[in-house]
Amino acid sequence: MSATNRDQLPRGAAGRGTSASAYIHLRRGLRQWGEALPYLALGVLGTSVFVIYPMIQNILISFQDYSIMPNAVNTWVGLDNYRYAFEDPNQKFLIAIRNTFLNVLFTVPINWFLAVFFAVLINMQFVRFKLVFRTIYYLPIITSWIVVAFLFRFLFASGEYGFINYLLYTKLGWISEPIGWLQNYWTAMIVIWLFHIWKTVGWGVVIYLAALQGIPLDLYEAAEIDGAGAVQQFRHITLPMLGPVTIFVLINLVNGAFNIFPQVYFITKGGPMDQTQVIPSLMYTQAFTNFNFGYASAMSVMMGFAVFLLTYTQMKKIGQQRLL
Amino acid sequence: MLKRMMLTVLAVMLVLAIAACGSDGGNGNSSGGGPSSAGSGGSGSSGGSGGQAAKKVVLEYWHTYSDAEEKVLLEEIKPLFETEHPNIELNITRMPYEGLKQQVIAGVAGGAAPDLMRMDIIWVPEFAKLGALQKVNELDGFEELKAQLFEGPMSTNYYNGDYYGLPLNTNTKVAIYNKKVLESVGLSNPPTTMQELADVSRQLVKDGKLPGIGISGVHAWALLPYFWSLGGKLTNDDFSQVEGYLNSPESIQAVETIAAWHEEGLIIPAVLGGEPSTWDGMKKHEYLMIDDGPWFYSILMGEASEEFDVLRDTVRGLIPAGPAGSHSVIGGENLVIFTGSKHTEEAWTFARWMLGEEPQKIMSKVGMIPTNIKAANEPTFLEVPYMKEYVEQLETALPRTPNPQWGEMEGIFNLAVEKVLRGESDVTTALNQATQQIEAILKE
Amino acid sequence: MRVRSKVWQLVIYAVLLMGVVVFIFPFLYMIMTTFVKGAYTLPRPYEIFSAVPNLDNYQIVWNRNHFARYFLNSAVVTAVSMAGGLFLGALTAYGFARFQFPGKEALFRLFLLTMMIPGVINIIPQFIIIKNLGLVNTYAGLWLIYIGGGVVGSTFFLRGFFEGIPKELEESVMIDGGSNFKIFWHIYLPQSLPALGTLAIFSFQGTWEEYFLALTIIKSEVMRTLPIALMMFHDQHATNYSWVFAASVIALLPVVLVYITFQKKFVQSGYNDGAVKG
C-alpha cells in the first residue's frame, strides 16, 4: 500500500485528544516510521554522529573556556566568548561580518548579471556550439579550490611580473605602477571577489540556459509579428519568464557568498593583518592558530543562527524545487 | 519484504566496510604502516608491530624535513639509532606545512599525538603553556646535555621556569651580497656596518639601480636583525615585560632609522610586498643584498646555472653592525615530547641521542646547523662552503620572545612598523601604542 | 531570440569567445608555467611564454614524494566515497520524498540547520569519534566521515528532484506487486540519472580535493591522498612553482575527465542543481 493513501483519517474530529484517537495516531505514526526508517536509518545515523553531534559540541564549547587537552576541566563561562566577539579591541569579528556583507554585496549582483548575460547570448538562435560554450563556462566550477586559489595568487602576484600586473601595466599601460594586489585590503578583496565570480558564474549560466530553453518559442514569434525588436523581446518576454528562476538563483548566490572560505583562506589567509577574514576563516585561524576554541565556536553559532533566520522563510522553497 | 530490503542495505554497507578494511593492505587499525623509506634503510619494515610487540617500543615521530633532509634521516639516522637501541623502533612520518598546527591540535585533543615531534621553535611555549609538552629539565642527564648546546637556541625551549624541549637544529640569517652588484659600486668586500650599507644603498639609487638594504618584509623575522642591531629591544631579559623596552629611546631610534631609510628609498621594494622578491632579485643580479638562512644555499646550490651560481656569485657577511653590534634572529626547530606519550623514557633516549655529536654531524651534511657546540665547530662542517658565517652569526643571535603569546605580540609589532613605513603614523606613537597593546596581552 | 544583423552576431560571438578566454586562460597559463625549469622564484611572463613545451617537470613530480602512490590512493578513496555517498544520499532522499511520517519536516529542517553552521571546527570531534572507533589511519574511518557527513547535502539536492517524479510511474510497479525498494531501484534512480550525474561530479570533486580531514585521519605516508602530496611541494622555505603546477595539472585531470564524461547529463538537470557551496 502506498504511503500516500494513508493520510485519509479526518483530522478535525478525532484530534481532540481522546485516548482512542491518540492511540490510533500513535500507531499510524509508528507504522509510517516503520516504512520510512530503512531508507532513513543510515543517513540519519551518519548525520547524527558526524554532523549533529559535532554541532552540539560546538554549541557547548562556545559557552566554555575550552582547552584541547583531553583531561582538562573546561570551565563554564557563559556568554563571555560571545561578549568578546563584540568587545574585541581589534574588532576581528565585526570586520569579518563586514567582509561577509561586502562579499555578498559585490559578488551577487555581478555574478547574477553575468550569468543572465552569458546565458542569453549562448541561447541565441544563431549561436552554434552551445554545448561547447556551456561546458567551458562551467569548467572552473569543477576544479579544486585549493589548486585554483594558488593559481590566482600566482596570477595576481605583486610587482610587474605577476601576470595581471604584466597585462595591465606592461602591456596595456592602464595603470601607472604595478599593484600590490594582496598587500592592501581593497585590492585583496577585489582578488577574492574576482576569484569567487570566476569560479562560480558558470553555475548560474547553466541554470539560466535551462530556464531559457524552457520558454516557448511561439511567444517570441508572436512578438516578432507584432514588430518587437530583440531588446523589447528581452524585456517583455525573457525577463518576466525568468522570474522564479531568478529568485532561486539569487538565494543560492547569496548563500554561496556567505559561505566563502577557501577563497579567503587560500588566497590571503585572512590577511593582510586579518583584514580580509570572513567568519569561517576567522574561526579557523582563531581555533587552530591561537587555540581559541571557545571564541571560534561562539562565532560559528552566531553565524549559523543568522543564516538560519535569514533563510528560514526560504527553506520551503529550497526544499521543494518546483519552479516551472 | 521489509526485512529483506533492510538486510540488503545492511549487506551492502557491510561489504563496503569490509572492502575498506581490506584495501588498506592489512594496515588495520594501528599506525603500523611503516616509514616511507626511499627504498633503502635497513630496518624500515612494518614488522615491528608483529609478535615482538611486547618487547619493542615504537616511537611515533613527526617531522617536516624537506626531501633531501628526510633522505638522510631515513637512510642514516634511523638505522644508526635502531642499531644502537634495538628495543626501540622509529615510526617516522613527514607532515606538510599547511594545516600542521591543526594536526597537532587534533592529535593532542584526541589523545593521538605522536611521541616526539620536530616542532617550530615558536610553537614550543604555546604548547608548553597548554600542558601538552613534557618538561625535560627534570629528566635524566638534562644538565649535562644542556651544557653541550648553544645557549640561544636552548632558550627557545624555555617557558615559565622550565624547559620543554631540546633544540634539534638551529639557523639564523646572515647578509648575502651579490658580487656583481657589489663590484659595480666599486667594492670588493661587503659593508660591515649599517652606516656603510646605507651609504652604498644611496650610491646605488643615485646610479639608478635598485636600493641595497635588504629588509624583506614588515614582519618580525625580517625586521628583527635590523631592529636589534640598531639598538632596539623587544623585552627585558626575562621576556616578561615590554614597557620600557619596546618603547625605549633606543627602540624608537632604531625604528626611526629604518623609517628614514625607507623614506629615502634605500630599502628594497620587497619590504612592502613589491617585486622582485628577495631570491629573484639576487638571482637576477638586481639586488645588492638580502638576508636569509642557510637554505638559500642548500636549495639553490642544486640549480646552479650560467646566469646564476649561488656559490660563485654571492658573498656572505654578518648582519651589518649597528650601535648594538650585529645581532641576527634565531630560527630552527626543537625536539619535543608530548605529555600523552606512553613511552617517555624511550622518547627521551631518542631525543638525547639526536643531540649527540654524531647524529648532529650527520644532519649537518644537509645544511642543518647543529645546536651541539662541538658538532657545529667541526672542521668538516665549517668547510661546508657557506657555513662559516652562519655559525659565527649564531654566537650573537637572539631568539624571538619565547612566550605563548608571541604570535599576537608579533602581529602588533608588525603592524606598528608597517604603519610607520606606510607613513600612517610616527614612530613614537606607533611604538607606544604597540607597547600598550602587548602589555595588555601579557597580563592575560 | 533572433538577431538578424550579421554585425551583431559577430559582436556576440566575440563576447562569448572572450568569456572562453577568461575561463580557460588561467589553466593555460598554469600549464605553460609547468614547462619552465628551475622555478623557485616567480616565473616571469616572458619566461613562461617562451618556454618550450616539455614533460620534464611532470616526470619529476610523478616520481617525487610518492606522488603516483598518492594518486592511486585518492582514486580508491574517492571512488568508494562517491558510490557510498550517492547511494546513501539517494536512499535518504527517497525516504523524505516518498513517505510521510511524523516529524518529517522538523527532521529535514534539522538537516538543513547543520548546513548553516560553519563546520570548520567539526574536525576535532569527528577525529575523536573515529579514534574511539579505532579507525584512525584507515580508509574506513575516512569513508565514514565523508559519507556520513555528506548525506545532508546529497539528500537535500535529490529530494526536490525525487518529489518531481510523477506518482503514476510508481503505480505500474505497484500493480505488479512491487515493494518500496523496487520503486526506488527501478523508477526513482533511473529517472534521476541527470541529477545523480551532477551530484556525482560534485561528490567526486569534493572528495578528490579534500585536504584537512584526509590529513587528520590518515597518518601513514603510503596511504595518503593526492591533496597532501600537492601540499608537500610547498616547502618550508621556497616553493617550486613549476612543480606545484605540474602536480596540480595532474591532480585536476581526473576531475575534468569525469566532468566531460558526465556533463551531458546536465542538459536536464539545470533547474535542480543545488546551491553552489563556497
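Below, the figures for the structure above:
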{"read-out": "Criterion violated by B:LEU204 - all others in (1) part of a helix (DSSP H, G or I); (2) in contact with a strand residue (DSSP E or B) (Cβ under 8 Å, 6 or more places away or on another chain) satisfied", "value": "(2)"}
{"read-out": "Within region B:61-86, considering residues that are open to solvent by less than 60 Å² (accessible area, probe 1.4 Å) and assigned to a loop (DSSP other than H, G, I, E, B), the one farthest from B:THR349 (Cα to Cα)", "value": "B:SER66"}
{"read-out": "Among residues of region C:194-227, those that are touching a Pro at 6+ places or on another chain (Cβ under 6 Å) and either outside any helix (DSSP H, G or I) or closer than 16 Å to B:ARG94 by Cβ (or both), counted", "value": "1"}
{"read-out": "Qualifying positions in region A:254-290 - open to solvent by 10 Å² or more (accessible area, probe 1.4 Å), among the polar types (S, T, N, Q) and in a helix (DSSP H, G or I)", "value": "A:ASN255, A:THR285"}
{"read-out": "Selection count where residues are more than 9 Å from chain B (Cβ to nearest Cβ) and in contact with a Ser or Thr (Cβ under 6 Å, 6 or more places away or on another chain), scope region C:205-221", "value": "4"}
{"read-out": "The lone exception for A:PHE305 - which of (1) out of contact with any Phe, Trp or Tyr (no Cβ under 7 Å at 6 or more places or on another chain); (2) at pLDDT 80 or above; (3) open to solvent by 60 Å² or more (accessible area, probe 1.4 Å); (4) more than 10 Å from chain C (Cβ to nearest Cβ) it fails", "value": "(4)"}
{"read-out": "Helices (runs of 4 or more DSSP H) (entirely within region B:359-444) containing at least 2 residues that are open to solvent by 20 Å² or more (accessible area, probe 1.4 Å) and either touching an Asp or Glu at 6+ places or on another chain (Cβ under 7 Å) or within 14 Å of chain A (Cβ to nearest Cβ) (or both)", "value": "B:406-421, B:427-443"}
{"read-out": "Enumeration of residues in region B:388-444 that are of a type in the set (Val, Ile, Thr) and touching a Leu at 6+ places or on another chain (Cβ under 8 Å)", "value": "B:VAL391, B:THR401, B:VAL417, B:THR435, B:ILE438"}
{"read-out": "Restricting region C:127-143 to residues that are more than 7 Å from every other protein chain (Cβ to nearest Cβ) and either over 20 Å from A:GLN57 (Cα atoms) or in contact (Cβ under 8 Å) with a residue 12 or more places away in the chain (or both), the residue that is nearest to the chain's Cα centre (by Cα)", "value": "C:LEU142"}
{"read-out": "Residue within region A:217-233 that is in a helix (DSSP H, G or I) and surrounded by 23 or more Cβ atoms within 10 Å (Cβ to Cβ) present", "value": "no"}
{"read-out": "Lone unmet requirement of (1) of a type outside the set (Val, Ile, Thr); (2) at positive phi; (3) surrounded by fewer than 19 Cβ atoms within 10 Å (Cβ to Cβ) for B:GLY332", "value": "(3)"}
{"read-out": "The lone exception for C:GLN100 - which of (1) assigned to a helix (DSSP H, G or I); (2) open to solvent by 30 Å² or more (accessible area, probe 1.4 Å) it fails", "value": "(1)"}
{"read-out": "Residues located in region A:71-101, provided they are farther than 22 Å from A:TYR185 by Cα and surrounded by 15 or more Cβ atoms within 10 Å (Cβ to Cβ)", "value": "A:ASN74, A:VAL77, A:ASP80, A:ASN81, A:TYR82, A:TYR84"}
{"read-out": "Filtered residues of region B:337-348 (kept if open to solvent by less than 50 Å² (accessible area, probe 1.4 Å), β-branched (Val, Ile, Thr) and touching a helix residue (DSSP H, G or I) at 6+ places or on another chain (Cβ under 9 Å))", "value": "B:ILE337"}
{"read-out": "Helices (runs of 4 or more DSSP H) contained in region B:92-176 and holding at least 1 residues without any contact (Cβ under 8 Å) to a residue 24 or more places away in the chain, open to solvent by 20 Å² or more (accessible area, probe 1.4 Å) and more than 14 Å from chain A (Cβ to nearest Cβ)", "value": "B:142-147, B:151-155"}
{"read-out": "Sole residue being at the interface with chain A (Cβ under 7 Å from one of its Cβ atoms) and not aromatic (Phe, Trp, Tyr), chosen from C:PRO190, C:PRO166, C:PRO118", "value": "C:PRO118"}
{"read-out": "Within region A:127-149, tally of residues that are buried (at least 20 other Cβ atoms within 10 Å of the Cβ), more than 7 Å from every other protein chain (Cβ to nearest Cβ) and touching a Leu at 6+ places or on another chain (Cβ under 9 Å)", "value": "2"}
{"read-out": "Test for A:ILE251: is it open to solvent by 20 Å² or more (accessible area, probe 1.4 Å), assigned to a helix (DSSP H, G or I) and of a type outside the set (Gly, Ala, Ser)", "value": "yes"}
{"read-out": "Selection count, region C:222-231, where residues are open to solvent by 10 Å² or more (accessible area, probe 1.4 Å) and either within 7 Å of chain B (Cβ to nearest Cβ) or without any contact (Cβ under 8 Å) to a residue 24 or more places away in the chain (or both)", "value": "3"}
{"read-out": "Of all residues in region A:58-67 being in a helix (DSSP H, G or I) and surrounded by fewer than 19 Cβ atoms within 10 Å (Cβ to Cβ), the one that is farthest from the other protein chains (Cβ to nearest Cβ)", "value": "A:LEU60"}
{"read-out": "Exclusive hit being free of Cβ contacts under 8 Å to residues at least 40 places away in the same chain, aliphatic (A, V, I, L, M) and more than 13 Å from every other protein chain (Cβ to nearest Cβ), set A:LEU121, A:LEU105", "value": "A:LEU105"}
{"read-out": "Unique match (being facing chain A (nearest Cβ under 10 Å), under 23 Å from the mean Cα position of the chain (by Cα) and among the basic types (Lys, Arg)) among C:ARG159, C:ARG109", "value": "C:ARG159"}
{"read-out": "Top-ranked residue of region A:68-98 - restricted to ones that are in a loop (DSSP other than H, G, I, E, B) and in contact (Cβ under 8 Å) with a residue 12 or more places away in the chain, ranked as nearest to the other protein chains (Cβ to nearest Cβ)", "value": "A:ILE68"}
{"read-out": "Candidates A:MET189, A:MET124, filtered to the one that is at pLDDT 90 or above, open to solvent by less than 20 Å² (accessible area, probe 1.4 Å) and not hydroxyl-bearing (Ser, Thr, Tyr)", "value": "A:MET189"}
{"read-out": "Any hit, region A:236-247, residues being closer than 20 Å to C:ARG4 by Cα and open to solvent by 10 Å² or more (accessible area, probe 1.4 Å)", "value": "yes"}
{"read-out": "Lone qualifier among C:PHE101, C:PHE27, C:PHE71, C:PHE96 - being touching a Leu at 6+ places or on another chain (Cβ under 9 Å) and outside the structural domain of C:LEU226 (by TED's automatic domain parsing)", "value": "C:PHE27"}
{"read-out": "Identity of the residue in region A:19-39, of a type in the set (Ser, Thr, Tyr) and open to solvent by less than 80 Å² (accessible area, probe 1.4 Å), that ends up modelled with the lowest pLDDT", "value": "A:SER21"}
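The values are calculated or read from the model by the stated rules, or taken from the named source; none is laboratory data. Owing to the predicted nature of the structure, the values given are computational and were not obtained by experimental measurement. Using ideal geometry, Cβ is built from the backbone for each residue, glycine included, and neighbour counts are taken over all protein chains shown. These area figures cover heavy atoms from the full protein model, side chains too; ligands, DNA and RNA do not enter into them. Shrake-Rupley method; radii C 1.70, N 1.55, O 1.52, S 1.80 Å.
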